[in-house]
1. If you go through the stretch A:710-721 one residue at a time, do you hit one that is at pLDDT 90 or above, in a helix (DSSP H, G or I), touching an Asp or Glu at 6+ places or on another chain (Cβ under 8 Å) and more than 12 Å from every other protein chain (Cβ to nearest Cβ)?
2. Considering (1) in contact with an Asp or Glu (Cβ under 7 Å, 6 or more places away or on another chain); (2) surrounded by fewer than 20 Cβ atoms within 10 Å (Cβ to Cβ); (3) not hydroxyl-bearing (S, T, Y), say which one B:L69 fails and leave the rest.
3. Output the number of residues of the stretch A:545-571 satisfying the condition of being surrounded by 13 or more Cβ atoms within 10 Å (Cβ to Cβ) and assigned to a helix (DSSP H, G or I).
4. Across the stretch B:1-14, which residue is surrounded by the fewest Cβ atoms within 10 Å (Cβ to Cβ) among those that are without any contact (Cβ under 8 Å) to a residue 12 or more places away in the chain and more than 11 Å from chain A (Cβ to nearest Cβ)?
5. For the stretch A:102-110, does any single residue satisfy the condition of being within 28 Å of A:S330 (Cα to Cα), touching a residue at least 60 places away in the same chain (Cβ under 8 Å) and surrounded by 13 or more Cβ atoms within 10 Å (Cβ to Cβ)?
6. Condition check: more than 14 Å from chain A (Cβ to nearest Cβ) and part of a helix (DSSP H, G or I). Does B:L58 satisfy that?
7. Name the single residue, out of those in the stretch B:15-29 being within 20 Å of the chain's Cα centre (by Cα) and more than 7 Å from every other protein chain (Cβ to nearest Cβ), that is surrounded by the most Cβ atoms within 10 Å (Cβ to Cβ).
8. State all residues of the stretch A:654-682 that are crowded, with 20+ Cβ neighbours inside 10 Å and either within 19 Å of A:D753 (Cβ to Cβ) or within 14 Å of chain B (Cβ to nearest Cβ) (or both); if no residue qualifies, say none.
Amino acid sequence: MKPKLKILKISIPVFILAVFVFSADIAHAIFGIDYLTNWAIMQLILGIQGIVMSIIGKFLTYVAEGLAWFLKYQSNFLQDVAIVNTSWAIFRDFANMFFILILIIIAFATIFDWQGYNWKGLMPKFIFAALLINFSLAISMIFINISIALSNLMLSQFGDITANLAGGLGITKLADAMTKSSSIFSTASEATFLSTIVSFVGIIVVASIALMAMISAFIFSIARIPVLWALMILSPLAWITYILPSTRTFWNDWWKWFFGWTFFLPIYLFALMMGFVILSNRPDLTAAAKIAEDGSGFGFLFGFTFQNLFYYVLTIIILVGGLAMSLKASFAAGGGATKAFSAIDAWTKRKFYVPAMQKAGKEKLAEIKDTGLQGKYLGKLYGGERAERLRTARVAGLLGKKEAMSEAEALEVQKSYAKYQARNLNKAGLDELEAKAQQGELGKFDKFAVRKLRAENGWVAPATAGQQEMESTIKEAGENSKFAQDYLKALQKSNFSDAMASQAEAENLAATTLVPLKKAVMETMVKNNRVLTDVMAKSILDVFATDSKEVNDRIKEGLQKNIKNFEETKKKKVRAAYLLDPSKDPRVKRLLAKQMSEDGEITTYQKYKTAAELFGGENEIESRAMLNKLIKDKPLAYADILFRQKLGQIDNTSLDADYDPLSPANTSPQKETMFADEIREKLPKMGAKAINEVDVEIWKRPVFETVLGKKISDLETAQPSTVPRPGKRGKAGAGKRYIQRIMKTFETDPDPDKEAVLERIIRTSGIPWP
Amino acid sequence: MVNIYSPIEVDNDTLLLDDEKHELFYSKISSLSQNIQDLLFSIDTEEKLKNVSVQLRLNQKQTIELTRLVRDIIIKDVYLGDILKEAQKRLSLDETAARDAANKIISEIFSPALEDIKKLHIEKFGKKENAPTQPTANNSNPNNMINLKK
């Protein structure tokens, strides 16, 4: 609007008012209006005012009565309304159809991993909505009933609502004021003319506003009913829209509207009630009105006192402001309701482990994505990324990388292994999983992982069952596969524990036809000194014959340590016989020779020669090491060797291990002298223990007996023993002491043949004995 | 079975396993006078040791130590003047009991060759001033000294 036109529109009525208000005298003077005319005009104005006010008053009363009646009986329009029940049912059924659609959306979202729409985000809401949609009407009615109860509570404060609604708010006082002002203004004075105009305008304005406020409240109250009906009918749709994020605004809006319309009335009634309480309990308002009637005092202005004016303004504020505030507050509460729902939603989720379930679900989903579905048939349905990896490995295998499949499968097993390992299962738990595996309830890699765990912990079943478990695992994985190697290492790590609890079980297991398993078992037996027969030792040597030198050496070293456990070679004397037995396996004899050499059991030329031949000749490292040890620790054995070597220079057959040059058939004085010279040279340096350690074959040689006897005699001659006398023991001479010390060694290492020799020496030496 | 009352045989179990020690022992014996050697090989010595063991109520271990002590003093491995100290230490006896044991050893066991033993000890160990004394039960030696000259 153009500024000038605007100014005109305002200024003209102001001018007219000003004329009538401020320029009565002037107007009177200008227009020559006399007091009679004033009275006529006033009466006209009052008359018009009266008509208008009576119309307004009537309407006000009707509206107030209507509103009061409506407020009283509003619950009848909200409870058990047939059309609402019927329509709600229709919408509920319609909404239920959407659940299927929403499930499909969730499924697709889960597959394609749409954040916010997948199952982990929506399932709780879906279930929540699915359950409560059938109670949406009842839930709405709960809130409506609360609203009705609150409204009735407010209404009960009013008493006679119709009278108090109009009277308590001072609307009747308006009418009174109107009447009084007209009577006040009946005196023909300039001041009353002025005040009549003012009061006419003011009263019309206030009354109109009051009427509009009441009409608005009435209309809102009436309109509330169909709105609430509509919201209740649409409530199933609101619950449906709660599920999906994109439709959730409708849900929020529905609650905002529902709360707004439901609770606006009690809040409005509360505002009215507060106004009623304030206005109906102010005695000074009446006094103020009286002052106005007296028309005295400064407060009288334009026919109203200022307090009266304030009274009416307050009434307007309560009427208009109360309606606006109640609408605003109730709709704000609706918004708060949705926030409350969100808080309840979050609390419920936490309380019922929803975040935990979501996390677990996420992990499970990741697992399914990686390894596919579990089970024999489900696994074929969806193999996950694992199936793809295996396909890739298969192709790589076809293209030349032979170990690709083996490595890929080993990797898959390792993944399953890590999963089971994290569970920290005990034997019972793994037994249970093994049972499932045997029934085909576990996939291949899970089965292998379980078996590997059992192997590591030594929980493979004992006896035949365990053997079957191991054999089937290796066969299924492939004898030469990487997993089979891992599995065998795991078995070896626990020394096959339960599967090889007894020696019989160990030997049975070692008889398996699966070569990798056989080798693993045998290695373990060797490592744990469980090889107890030369037959087993032979079998072990056969199995490892084609392995690398490193492996072979390790096996031989282990068997060598085992050799004194063999039934056939447990005792010292038996070992010597075994060594010299040509029917025994040379590989085993070689190990025995090595051990005997280390233990100082090579004590004759025959044993030395046999051992040297087993080592590959006297020039071999082992042979030379053996000889060095003999020189240091076994002087008479060395003497025997030297004797034979010297003899060998004369007669080559003397070097033969089985040839005995000093046997009755072969001996000669020359040979005996040669041998005697050798032992005579060594004997002085030999103590009793060393003498005892001389091989019994040498002891049995007459030459040895002679030389030893001579030594003892010489000693005794140098320091003879004294013969015991009465009351005195004999003092042992040097020879006797020598015999005493040799005899002492027989206590720990008895040998009847040696003792017999010594006894003969004692008898022939003449030494007093004991 | 080892004869624990025989100073010669008491350690046969260990001596006979060690050629060198055995010979050394006998060389020590051979260096002694016949009188003292007889003490070692005398069955009477064994009887006396048995009696002393019974009188002093010694257990087997203490008896063995008693025999060893006697042997070691005879072959001059232990100084005669240290007999009280050694008796206390080896036999795990209090001073009174050790004094009693030492008295008996000297008066009963060494008596046949006591002078020879003293002489040999002086030769080997020389005079020792303020050495532990020959313990006497009746305090006949107020200065509490073994007089090796006597």
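1. no
2. Checking B:L69 against (1) in contact with an Asp or Glu (Cβ under 7 Å, 6 or more places away or on another chain); (2) surrounded by fewer than 20 Cβ atoms within 10 Å (Cβ to Cβ); (3) not hydroxyl-bearing (S, T, Y), the one that fails is (2).
3. 16
4. Applying the first criterion (without any contact (Cβ under 8 Å) to a residue 12 or more places away in the chain) to the stretch B:1-14 yields B:1-2, B:9, B:12-14.
In the following step, the residues that additionally are more than 11 Å from chain A (Cβ to nearest Cβ) were identified as B:1-2.
Working: B:M1: 4, B:V2: 11.
Here the answer is B:M1.
5. For the stretch A:102-110, residues within 28 Å of A:S330 (Cα to Cα), touching a residue at least 60 places away in the same chain (Cβ under 8 Å) and surrounded by 13 or more Cβ atoms within 10 Å (Cβ to Cβ): absent.
6. no
7. Step one: of the stretch B:15-29, the residues within 20 Å of the chain's Cα centre (by Cα) are B:15, B:21-22, B:24-29.
After this cut, where a residue has to be more than 7 Å from every other protein chain (Cβ to nearest Cβ) as well, the list is B:15, B:21, B:24-25, B:27-29.
Values: B:L15: 21, B:K21: 13, B:L24: 12, B:F25: 18, B:S27: 11, B:K28: 15, B:I29: 19.
Of everything passing the filter in the stretch B:15-29, B:L15 is surrounded by the most Cβ atoms within 10 Å (Cβ to Cβ).
8. A:L662, A:F675, A:I679 - these are the residues of the stretch A:654-682 that are crowded, with 20+ Cβ neighbours inside 10 Å and either within 19 Å of A:D753 (Cβ to Cβ) or within 14 Å of chain B (Cβ to nearest Cβ) (or both).
The values are calculated or read from the model by the stated rules, or taken from the named source; none is laboratory data. Every value quoted in this text rests on a predicted model; they were computed, and no experiment measured them. Backbone-built Cβ (ideal geometry, glycine too); neighbour counts: all protein chains shown.
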